[in-house]
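Reading through the structure tokens given below for one structure.
The values are calculated or read from the model by the stated rules, or taken from the named source; none is laboratory data. Every value quoted in this text rests on a predicted model; they were computed, and no experiment measured them. When we count neighbours, we look across all protein chains shown, and the Cβ atoms used for this are built from the backbone with ideal geometry, even at glycine. Quick note on the areas: whole protein, heavy atoms, side chains included, nothing else; ligands and nucleic acids left out. Shrake-Rupley method; radii C 1.70, N 1.55, O 1.52, S 1.80 Å.
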Amino acid sequence: MSRSISRELAFKLLYSMEIQNDSSIEQVELYIENNEITDEKTKKYIKDVVKGVYDNKEQISKLISENLQSKWEISRISKIDLVLLELAIYEIEYKKLPYKIAINEAVELAKLYGQDSSSSFINGVLATIVKKNGE
């Protein structure tokens, strides 16, 4: 299974967990089982991303908040856009995935699942974060 497909599956799980306000490991196992995910690399990737995003949620949220345009608050961001930002930031900051890949993947998922403006919004926030970090 490709990393892009694994990332999309992880995004769907993170979004579901965000909506349900449930970050339990049982949710992860149930999702893997219900979606019949058998590829070990994909299972490992999903578990790592979910744990990483939730373990670092406070720092990731702070980074998002600090890089929004003035008068914007994190509470105004759609859940889909927020989850995509969290996923991309986790991969850039904590997994050290090349930022171009992480941003491109987040933008592509935003085109599929977000609103018309989601892809440009996500691209802008992530580009601002990358520029500030000197990457």
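Based on C-alpha pairs under 8 angstrom that are at least 6 apart in sequence, the range 1-125 has a relative contact order of 24 percent. Name the GluC sites (Glu not before Pro) in the range 13-98 that are in a loop by DSSP and that have at most 14 other C-beta atoms within 10 Å, would you? In loop regions of the range 13-98 (DSSP not H, G, I, E or B), the sparsely surrounded GluC sites (Glu not before Pro) are Glu36, Glu73. Between the range 1-44 and the range 70-135, how many Å separate their Cα centres? Cα centres, the range 1-44 to the range 70-135: 19 Å. Rolled with a 1.4 Å probe across the full set of protein chains, the surface gives Ser23 an accessible area near 70 Å². A Cα-only calculation for the range 81-128 places Rg and Dmax at 9.5, 29 Å.
When the pairs Lys41/Lys95; Lys47/Lys132; Lys57/Lys111; Lys41/Lys131; Lys41/Lys96 are compared against a 20 Å limit on Cα-Cα distance, Lys47/Lys132; Lys57/Lys111; Lys41/Lys131 fall above it. Restricting the range 1-104 to trypsin sites (Lys or Arg not before Pro) that sit in a DSSP loop and have at most 12 other Cβ atoms within 10 Å of their own Cβ leaves Lys71, Lys95, Lys96.
Note on the chain: with neighbouring protein chains present and a 1.4 Å probe, carbon and sulfur make up 48 percent of its accessible heavy-atom surface. Computed over neighbours whose Cβ is under 14 Å from that of Asn34, the net charge equals -2, Lys and Arg +1, Asp and Glu -1. Based on alpha carbons, the Rg and Dmax found for the chain are 14.2, 45 Å.
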